[in-house]
Amino acid sequence: MMKCDVVIIGAGPAGLTASIELALKGLQVVIVDENYRSGGRLLGQLYEDRRKKRVWAGKIIAKDLADKAKALSVKFLFDTSVWKIEDKKVFLSNEVVKVIEAKAILLATGAIEKALPIPGWQKVGVVTVGAAQTFTNLHNVKIGQNVIFVGIDPLSISVAIEMKHAGVNVKGLFLPPTTNLLNQKCNPKEVLESVASAAGMATNPIYRLGGKFVHGAYTKLLLHLLKYKQLKINGIPIYFRKAVTQINGRAEVQSVNVRSLKIDGEVTEVEKTLHVDTVCLSGGLLPLIDLSQLANCVIIDIPELGGFVPLHNEHLKTTVEGIYVAGNITGIEGAQVAMAQGKLAARSILREFNLSSENEISVAFNEIEKARILSPITFLPEIRKGRQIMRDKWEEYLKR
Amino acid sequence: MKQKVIVIGAGIIGTSVAYYLSKKDVNVVLIDAKDIAAGTSGACDKAIMLQSKKSGPTLAMAMKSAELYKNLEEELGEDLEYENGGGMILINNEEELKVLYEHVQKQREAGLKVTIITGDEARKINPNLSPKILAATWCEQDAEVNPLKTAFAYAKAASKANMTMHLNCKVTNLIEVNGRVIGVNTTQGEIYGDCVVLCCGVWVTSLLSSLHLEVPIMPRKGVILVTEKLPKIINCNILGGSYIVSKLQKEPPEKNPLGIGLSMGQTKSGNLLIGGSREFAGFDSSVNSFILTEIAKKAIAAFPCLQHVNLIRSFVGFRPFTPDNLPVIGEVPTVSGLYIAAGHEGDGVALAPITGQMIAEIVTDQTTEMDLTPFHMSRFFESFTY
Amino acid sequence: MAKQKEIHFIFNGKEIKGIEGQPIAAALFNNGIRAIRQCEVTGEQRGVYCGIGHCFECRATVNGIPGIRTCLTLIEENMIVTSNLAGVQNDEV
Ligand SMILES: Cc1cc2nc3c(=O)[nH]c(=O)nc-3n(C[C@H](O)[C@H](O)[C@H](O)COP(=O)(O)OP(=O)(O)OC[C@H]3O[C@@H](n4cnc5c(N)ncnc54)[C@H](O)[C@@H]3O)c2cc1C
Ligand SMILES: Cc1cc2nc3c(=O)[nH]c(=O)nc-3n(C[C@H](O)[C@H](O)[C@H](O)COP(=O)(O)OP(=O)(O)OC[C@H]3O[C@@H](n4cnc5c(N)ncnc54)[C@H](O)[C@@H]3O)c2cc1C
Ligand code: FES
């Protein structure tokens, strides 16, 4: 059994940032990640940050963070999944180190993608938007020649743009059909509304598109946009009024069936076939909370944060003594927020070791909101409300 | 006017009861606090195993139930992933062989087609079986079924026959007037009927206590490991001998408090379901690393090819345990208009069709083909003669 | 750009060229191979779906060890990757 002060699960932006903060104060830190390298979801991120007029290259940021952590003697265990947490012991799939015992544990496991099971989704050539992002931006691989996206949201729009930059023929973004099974927003107006409000104002492609409209004039803008059957962002058609109802092909994807949608989301009868070899599915993100469940943390459902999340206080401490959370496990936000949360969680942990002051915690806490404002991408429009609900639920929990 | 029957609980037992009642032309109202198969029936294995039952009332009942399963897919018009592929209990050593030999003899007397086969014969049926396995029992009558699909199919068929269903609707208490149950209070309002059938598995005790009645049904926790999808690793139901042996020899539970044993089944989609444990821990649904590791070790010992297989998750279910290992089926004594079908412990899937049929008979005709006495709730009432 | 080292490995009997630091699945994509295995139950072909180790659709046997996720495993010189697609004719290219 290995021993250390803090074990961090997940080498994404939250985990890496926390490790640096902890190691700076002299704690022994081990980071475990099932991937073969550090960076988590940062690795695939590559886009223009308009406000700062620079490129947000996650791969480089991840490398900087990992280099810093290594310089501070943070220990990394890659290719290793954590499969259980018990009494401050972390159980690993590693052949050599099977258990690590720590004084504190930070869960920074990030998010997973929701499935979008439209008929034919299991065929070769159908990938999640996250896979498309990783293969395009991190591995520099073209996953197909003629590509469409199903699901219109800030993430699919940004990945479509990245793919087009990489020279792929992106034939358009479509909606999934409305079915009980999918339980998604598939009504054109609702989708447009959520895209318009979720994406950060300054970089919101929808706003740029309707540039002549003032920011407040939502409804007018939406109704105007919905009149068109097709909009274009960076030359990529976005079909708010069309749904992909089926993916065809014997072994690999060859085509999709597309149907028009009425304004309320109802699918019409007329069906067209579109020839494509690759389909990227974007069904939204969910906090990856399985380890917090296995550790017996109290879990609550806050849709504004993305679904089920471990109950935690403002300073990222869970209901289980010694277990902390940071990053997307607490709710879906961009990488900057994850980093700020990593720092706060680290300072909360340091407090247990008497190595940080209340003031340092407050400073780190306030940095989260700053990061939120600066984020070029917003996933959930009501994230602040979600954070407030979490605070209320924690109060309730303390009073119970 | 048609008889109106309220069934509480949409597990495999409640949906079966609702279905067989709906065939009898009564108005059925099915209520569940959550959803169809959201309780134990959605967190269990899939065996319709006959040879694991003690000879006596349970075995007799299980054999009748197994007959009903044979035509169920056709009857309900649904794919239930039913497979009549047989089952085996693995024998690891001479001592297990001795105990199981006797067990098999008794079952044969009760009419079950079960035999003891050599290790090599067992490996012919399951080529992946470890060469260390000494022998096995073999029963071609054992079968398997997907309990979730079965519960949903029962509910669908009953709905076609005019059943009404209230899901996400919790029954808070039973409405009793002059010793007769006339309806239920729920989170969605009051519902009245001619009688009420309690099919709420391990949660039945709280509803009974509102009538100051008690039944000793307790949650017996079971852990199951789920592997990634695999090609066919096993060709039938598998049970480890050590568990059955300790059960037959009435070993004190202290010897194996977690009740770790081996049970295996492979789903139609290829995932192996590997059980399990039998533990009294209230409604605590946490799983500890020790149990997971021990179960995995047992599985690898029996099937060494599982060494490099990935587990994708584990889950916990609560078997509705009764002290004499028999379910509680029939009228609830001391009140009228109230029936119970609960406490099937580890056999609820296997016993669902026959339970539904018996309750339907007793509710509508007041008699059943099978003798219900051994299952009657009054057996837990000391000075009560039935 | 730094010099990229070429790596050679075998996938289902065929020699594949990749670049150091690439996971197996990425190298296969670059060589036009997207179908990695066959579903054990339906026989349908499967390939990368999630790209980060969650879905287990991209599994193959790597140097004799089955069930390895090719999206998470880096290529190595002379690595032998096989799957149950070996010998299956893909009639559509
Ligand atoms: C598909 C996708 C695309 C995204 N795109 C963007 C984007 O373009 N811009 C943006 O700002 N944000 C994006 N995000 C949000 C993203 O989650 C955050 O930017 C940020 O990466 C979250 O950081 P994190 O540290 O919480 O988690 P992550 O970066 O997701 O890192 C979590 C790490 O934990 C590891 N892990 C998880 N479970 C275990 C386990 N049991 N054992 C061992 N290791 C484990 C994972 O391998 C992973 O490396 C995206 C998210 C997803 C899912
Ligand atoms: C690990 C494990 C493995 C098993 N393997 C097998 C096997 O291989 N073969 C086999 O035959 N059996 C097996 N069993 C046993 C079998 O699963 C159970 O006997 C069976 O599922 C019990 O069914 P039920 O309908 O009585 O209970 P449940 O499925 O629990 O249904 C009860 C329902 O009642 C509802 N309910 C409760 N209270 C209320 C209320 N107040 N108001 C409204 N609704 C309410 C619940 O929501 C629930 O849906 C296994 C069990 C476990 C735990
Ligand atoms: S593509 Fe999902 S695990 Fe590799």
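Rg and Dmax, both from the Cα atoms of region B:81-202 and both in Å, are 23.4, 66.
Per-residue shielding of C:33-42, expressed as the average number of other chain Cβ atoms within 10 Å of the residue Cβ, stands at 5. Reported to the nearest whole Å, the Cα centre-to-centre distance from region A:51-100 to region B:42-75 is 50.
The phi torsions of region C:20-34, fed into the Karplus equation with coefficients 6.51, -1.76 and 1.60 and a -60° offset, translate into couplings of 3, x, 8, x, 3, 4, 5, 4, 5, 3, 4, 9, x, 9, 10 Hz, rounded to whole numbers, with Gly and Pro shown as x.
Averaging Cα coordinates gives a centre for region A:295-321 and one for region C:65-83; these two points are 37 Å apart.
Sorting the segments B:203-215, B:82-94, B:254-266 by their residues' average number of neighbouring beta-carbon atoms within 10 angstrom, most packed first, yields B:82-94, B:254-266, B:203-215.
Using the 1.4 Å probe convention, the accessible area of region B:79-179 works out to 51 Å² per residue with neighbouring protein chains retained.
Residues whose amide H comes within less than 5 Å of that of C:Ile7, counting only those at least five positions distant or on another chain, are C:Gly18, C:Ile19, C:Glu20 (H built at 1.01 Å from N in the peptide plane). Cα centroids of region B:114-177 and region A:130-161: 43 Å apart. Under the combined filter of DSSP loop state and at most 13 neighbouring Cβ atoms within 10 Å, region B:129-200 retains these trypsin sites (Lys or Arg not before Pro): B:Lys132. Chain A contacts chain C over a buried accessible area of about 2400 Å², both sides summed; the probe is 1.4 Å and only protein chains count. Restricting the calculation to Cα atoms, the protein assembly as shown yields a radius of gyration followed by a Dmax of 29.5, 90 Å. Can you send over the carbon and sulfur percentage of the accessible area for region A:293-370, probe radius 1.4 Å, protein chains only? Carbon-and-sulfur percentage of accessible area, whole number: 52.
Over region A:291-400, all Cα pairs binned in 10 Å intervals from 0 give whole-percent P(r) values of 15, 48, 33, 4, listed from short to long.
For the protein assembly as shown, the dipole from Cβ point charges (+1 on Lys and Arg, -1 on Asp and Glu) about the Cα centre works out to 3160 debye, to the nearest 20. Pairs exceeding a 29 Å alpha-carbon distance, out of B:Lys170/B:Lys268; A:Lys89/C:Lys5; A:Lys393/B:Lys170; B:Lys149/B:Lys255; A:Lys98/B:Lys229; A:Lys75/A:Lys317: B:Lys170/B:Lys268; A:Lys89/C:Lys5; B:Lys149/B:Lys255. With the largest listed first and rounded to whole Å, the semi-axes of the equivalent ellipsoid of chain A from the Cα gyration tensor are 38, 23, 20. Between B:Ser159, B:Ser289, B:Ser130, the residue with the greatest mean-square fluctuation in the GNM of chain B (Cα pairs under 10 Å linked by springs) is B:Ser289. Computed 3J(HN,Hα) for region B:122-139, one whole-Hz value per residue from the Karplus formula 6.51 cos²θ - 1.76 cosθ + 1.60 where θ = phi - 60°, is 4, 6, 5, 6, 10, x, 7, 5, 4, x, 7, 5, 6, 7, 7, 8, 9, 9, glycine and proline marked x.
With all protein chains kept in place, the per residue accessible area of chain A amounts to 42 square angstrom at a probe of 1.4 angstrom. Association of chains B and C removes close to 700 square angstrom of accessible area from solvent, both sides included, for a probe radius of 1.4 Å.
Out of all DSSP beta bridges with both ends in chain B, state the antiparallel percent to the nearest 5. Just about 70 percent of them are antiparallel. For peptide A:335-348, the mean count of partner chain Cβ atoms within 10 Å of a residue's Cβ comes to 0.
Using the average count of surrounding beta-carbon atoms within 10 Å as a protection proxy, the listed peptides B:139-148, B:340-349 rank, highest first, as B:340-349, B:139-148. Ignoring lysines fewer than eight residues from B:Lys250 along the same chain, the ones with Cα atoms less than 27 angstrom from its Cα are B:Lys46, B:Lys53, B:Lys54, B:Lys64, B:Lys98, B:Lys106, B:Lys113, B:Lys132, B:Lys221, B:Lys297, B:Lys298.
Keeping the other protein chains in place, figure out the carbon and sulfur percent of the accessible area of region C:6-85, with a 1.4 Å probe. Taking all protein chains in place, region C:6-85 shows 51 percent carbon and sulfur surface.
Taken one residue at a time, the phi angles of region B:112-120 give Karplus couplings (6.51, -1.76, 1.60, θ = phi - 60°) of 8, 7, 10, 9, 9, 10, 6, x, 5 Hz. Gly and Pro are set to x. Residue ranges B:274-281, A:3-10 sort as A:3-10, B:274-281 when ordered by packing (mean number of other C-beta atoms within 10 Å per residue, highest first). Take each residue of peptide A:84-96, count the partner chain Cβ atoms within 10 Å of its Cβ, and average: the result is 2. Taking amide hydrogens as placed 1.01 Å from N in the peptide plane, the amide H of A:Val320 sits under 5 Å from those of A:Val298, each at least 5 positions away in sequence or on another chain. Under the rule of at least 5 residues apart or a separate chain, name every residue whose amide H is placed under 5 Å from the amide H of B:Gly276. When sequence neighbours closer than 5 places are left aside, the close amide H contacts are B:Gly261, B:Leu262, B:Ser263.
Of the GluC sites (Glu not before Pro) in region C:57-87, the ones in a loop by DSSP (not H, G, I, E or B) with at most 13 other beta carbons within 10 Å are C:Glu77. A DSSP coil position with no more than 10 other Cβ atoms inside 10 Å describes the following trypsin sites (Lys or Arg not before Pro) in region C:5-93: C:Lys5.
The values are calculated or read from the model by the stated rules, or taken from the named source; none is laboratory data. No experiment lies behind these values; they were computed from the predicted model shown. Every residue, glycine among them, receives a Cβ derived from its backbone with ideal geometry; neighbour counts consider all protein chains shown. These area figures cover heavy atoms from the full protein model, side chains too; ligands, DNA and RNA do not enter into them. Shrake-Rupley method; radii C 1.70, N 1.55, O 1.52, S 1.80 Å.
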